[in-house]
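Before any comments, here is the structure.
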Amino acid sequence: MTDLAELLQAADRIVAFTGAGISTESGIPDFRSPGGVWTRYDPREFTFDRYVESADVRRKSWAMREELFAHRPAPNAAHRALARLEEAGRLSAVVTQNIDGLHQDAGSRTVIEIHGTMREVECIGLRPAYGTPDGCGFRQGTEWVFARLAAGEDDPRCPECGGIIKSATISFGQMMPAQAMDDAVQQAQDADLLLTIGSSLQVYPAADIPLIAKDAGARLAIVNREPTPLDGFADVVVHGSAGEILGAAVVS
Ligand code: NAD
């Protein structure tokens, strides 16, 4: 089997597809890690509909965000390796399921965030239905909410229209962002190597991206601590830590 460094060297339109596992070495737990945020907050409680219906769910959601923001993580060797590949003109885009902004902190410029970003909040309107935000366009850094909470509000509302404010992330039961998904599919179709890093590849439709690339003729490389359901389709599979593996495989 070809090794990862060789595949990376042979490619010049690499698209990286990253999941929570690329950020665990930066101190952000993935869904399964013991003590991770999702072992203390029940993800089923944070569906889009429940967020819209319940001020209590919104309060809990802001408490969780404050906890997530309490420590400021830094990008690790894997994020930096992808930024170097882009700088060298060999990586076209990072498509990420992560909401943590660490790719941009590492210097990546073309980052497609298919699950949104936790660094911003947005108005989603007064009573959005069908998992679709229906806001007035108000959008701010997440610190805006923290300032309102510190000032004594527990359910900050849009200053423009009174709508509900929500983190600019994609919740369970929320429609995927159409533009970001279209861009991700286009990148996957144009790639000559699709490199997935730190994703269990179990969340659809996001996990379709590697298969779309493979169907369009790209090579597929998977770097993950555990086996994934797509390992059998890959040209190279490396089981281990993303930072160590990418740090070593991307030399330039
Ligand atoms: P996941 O938690 O389902 O899977 C993460 C995978 O990464 C696991 O298979 C694990 O074995 C592997 N892994 C963990 N640490 C690793 C490391 N250092 N090196 C290599 N592999 C490692 O995550 P997912 O597939 O990204 O999907 C779950 C959802 O979780 C996504 O929707 C994402 O939005 C969300 N999420 C994001 C963050 C973040 O932004 N950092 C954190 C937690 C969850």
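Nothing in this text is a laboratory measurement; each read-out follows from the coordinates by a stated rule. Note that the structure is predicted; figures quoted are calculated from it, not measured. Glycine gets a Cβ as well: all are built from the backbone with ideal geometry, and neighbour counts include every protein chain shown.
At-a-glance table
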quantity: Rounded FRET efficiency, nearest 0.05, which uses the C-beta distance separating Q202 from L126 and R0 of 25 Å; calculated: 0.10
quantity: Pairwise FRET efficiency - D12 versus D235, Cβ, R0 = 22 Å, nearest 0.05; calculated: 0.85
quantity: Point-charge dipole on Cβ atoms (K/R +1, D/E -1) for the range 36-120, about Cα centre, debye to 20; calculated: 200 debye
quantity: Cα-based helix-to-principal-axis angle, 178-190 vs the chain, degrees rounded to 10; calculated: 0 degrees
quantity: With Cα atoms, 0 to 90° folded angle of helix 55-70 axis to the chain main axis; calculated: 50 degrees
quantity: Net length gained if the chain between Q186 and V57 were fully extended (0.36 nm per residue, minus Cα distance); calculated: 42.9 nm
quantity: Distant-in-sequence amide H partners of L126 (H built 1.01 Å from N, under 5 Å); calculated: I164
quantity: Sequence of T96, T228, T132, T110 once ranked by neighbouring C-beta atoms within 10 Å, starting from the fewest; calculated: T132, T110, T228, T96
